[in-house]
Structures are given as C-alpha cells and as structure tokens.
1. Could you state, as a whole-number percent, how many of the C-alpha pairs of the range 21-77 are farther apart than 17 Å?
2. Could you list Val50, Val65, Val32 in order of exposure, starting from the residue whose Cβ has the fewest other Cβ atoms within 10 Å?
3. Using only helices, what value at 222 nm comes out for the chain when you add -39,500 (n - 2.57) per DSSP H run of length 4 or more and divide by the total residues, to the nearest 500 deg cm²/dmol?
4. By how many nm would the segment from Ala64 to Thr6 grow when fully extended, if each residue of separation counts as 0.36 nm and the alpha-carbon distance is taken off?
Amino acid sequence: MLDDWTGTVGRALDVPPEKIDVNAVLDLARDVAHGVARPAAPLTAYLVGVAVGQGKDPAQAVAAVRTLIETWPAPGER
C-alpha cells in the first residue's frame, strides 16, 4: 500500500519515481519523532522537501537535519 500511495502522490505532483527515496524520508521522520518530538517529523519532512525544491541536494538536506537531531536536547533534558 505504501508503494502504491507514494507512486500515486508522486505522479499527482509530477515527481519522477527516481527522485523519491522512501527509506531516507521514513528514516529521517523516525529519527526526528524519537529524537525531537512526534509532531516535528512531518514538519521536518516538509521543510526538507521545500529545501530540495529550492535546489538543495537531498543528501545534504538530510545530513543537515541529522546534525541538528544529534545536538538537540533529549526529551527529558528540555
């Protein structure tokens, strides 16, 4: 179902299948949800998408967010 949904949304938004890295997005969302807060996961995915849409390299955008996650205070430390 996830592949069907992703393909359908990709086609609706004119995003070629080779530009969709499902694992990278899901891994990043998981890490944000556990390392920052659950509601931050979809917002972060959106912001990464906007950055990529503005020309940022996808791998660099993900790496930048991962660096932020690593330095973000743990939920009990805030």
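Every read-out reported here was derived from the displayed coordinates using simple, explicitly stated rules and does not represent laboratory data. Because the structure is a prediction, the values reported are computed rather than measured. All Cβ positions, even for glycine, are placed from backbone atoms using ideal geometry, and neighbour counts span all protein chains on display.
1. Values: 487 of 1596 pairs.
More than 17 Å apart: 31 percent of the Cα pairs in the range 21-77.
2. Ranked by crowding around the Cβ, least crowded first: Val50, Val65, Val32.
3. -21500 deg cm²/dmol
4. Computed gain between Ala64 and Thr6 is 18.5 nm.
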